[in-house]
């Protein structure tokens, strides 16, 4: 891959994020067809396989030149369902899903058993965009963002009536606290959850008491990645972008995707993408999400001191 130096660029710093480890062979299953390996054999090999990522409840091990396994107590089978759905309905470049399953881990110090999820997928050979962004010309940066815009455009053509990850499950990510939220059986349930977060902010005087709730605002749901940043983008030697880490993905209002990009100050890096998304049209909605920041972080466990006012029972019809 040819990298062009942009003298005006600065080194990229995203606090709180660590770079993945470089991995070199040998790998446990080089020159072996992964499809012929039984799951228990694969799991046993993870202890010696080189780790790309090891962060407590989430690990990524490279078991062959072209295969990795993402696994751990904080890995959810919903991520595999999201990947499968997107690969079946779009041309977005993402790792190929090879296998996924959940096991119950038992032991002397484990009460009732804990679940651990395994997701086997293809290894994408390339470089994290984060590692080369400061060296890229504006032309290449714009090209990356155009590819992302096409990805998001395709995702927004995928619609559903029920919010959350594909197949159901807890919603994860910046707008659902560190503990997750749901599962939501309907759009109205998710609106009610956000109304609770709004009420907490109102209790603490952070948001005006007269601000209306979210009832009726989540009528149209589309597929969103919800974690687009430079360390979830891989650039291959053909200049093609691959989008990884679908753990937070699911069906949400389209502007949730825009807000997730804006929330972490990524406007500096993705201004061209945001302009293509016409993000200013969504400023009112995204600002309402940002206003809940306290109730989604420090006050995540706080309950509203008063019941939410009765809302209409929105029965959406497509």
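For the chain, averaging the sequence separation of C-alpha pairs within contact (under 8 Å, six or more residues apart) and dividing by the residue count gives a relative contact order of 18 percent. Between the helical axis of 138-155 and the longest alpha-carbon principal axis of the chain there is an angle of about 70 degrees. Our estimate of slack between residue 283 and residue 268, defined as 0.36 nm per intervening residue step minus the Cα-Cα distance, is 3.7 nm. Annotation: the residues 31, 196, sorted from fewest to most other C-beta atoms within 10 Å of their own C-beta, follow the order 31, 196. Counting only Cα atoms, the range 171-270 measures 53, 30, 24 Å along its principal axes, largest extent leading. Using a/c under 1.5 as the rounded threshold, could you call the chain rounded, prolate or oblate? The axes a ≥ b ≥ c are square roots of the C-alpha gyration tensor eigenvalues, and prolate needs a/b larger than b/c, oblate otherwise. Oblate. Using the rule -39500 (n - 2.57) for each DSSP H run of four or more residues, divided by the residues of the chain, the 222 nm mean residue ellipticity is -8500 deg cm²/dmol. The angle between the Cα long axis of helix 267-276 and the main principal axis of the chain comes to about 70°, on a 0 to 90 degree scale. The ranking of 179, 123, 252 by Cβ neighbour count inside 10 Å, starting from the fewest, reads 179, 123, 252. In plain terms, the residue of 129, 207, 69 with the fewest other Cβ atoms within 10 Å comes first and the most crowded comes last, giving 207, 129, 69.
Using 1/(1 + (r/R0)^6) with R0 = 30 angstrom and r between the beta carbons of residue 22 and residue 159, what's the FRET efficiency to the nearest 0.05? It comes out at approximately 0.15.
GNM, the chain, Cα, under 10 Å: largest mean-square fluctuation among 153, 288, 306? Greatest mean-square fluctuation among the candidates belongs to 306.
Given springs between every Cα pair under 10 Å in a Gaussian network model of the chain, which of 151, 290, 248 has the largest fluctuation? Judging by the Gaussian network model, the answer is 290.
In a GNM of the chain with a 10 Å cut-off on Cα contacts, which of 72, 143, 57 has the highest mean-square fluctuation? The residue with the greatest mean-square fluctuation here is 57.
With both labels modelled 7 Å from their Cα along Cα-to-Cβ, the residue 303 to residue 290 distance reads 3.2 nm. Legend: calculated FRET efficiency, residue 35 to residue 87, from the Cβ-Cβ distance at R0 = 22 Å, rounded to 0.05, equals 0.80. How large is log10 I(q)/I(0) at q = 0.11, 0.14, 0.19, 0.23 Å⁻¹ when the Debye formula is applied to the Cα atoms of the range 34-122, each weighted equally and without solvent? The Cα Debye sum returns log10 ratios of -0.32, -0.51, -0.91, -1.24.
Rg then Dmax, both in Å and based on the Cα atoms of the range 129-296: 16.6, 54.
Read the figures in this text as sums done on the coordinates, not as results from a lab. Note that the structure is a prediction, hence the values are computed from the model and not measured. Reconstructed Cβ throughout: ideal geometry from the backbone, glycine too, with neighbour counts over all protein chains shown.
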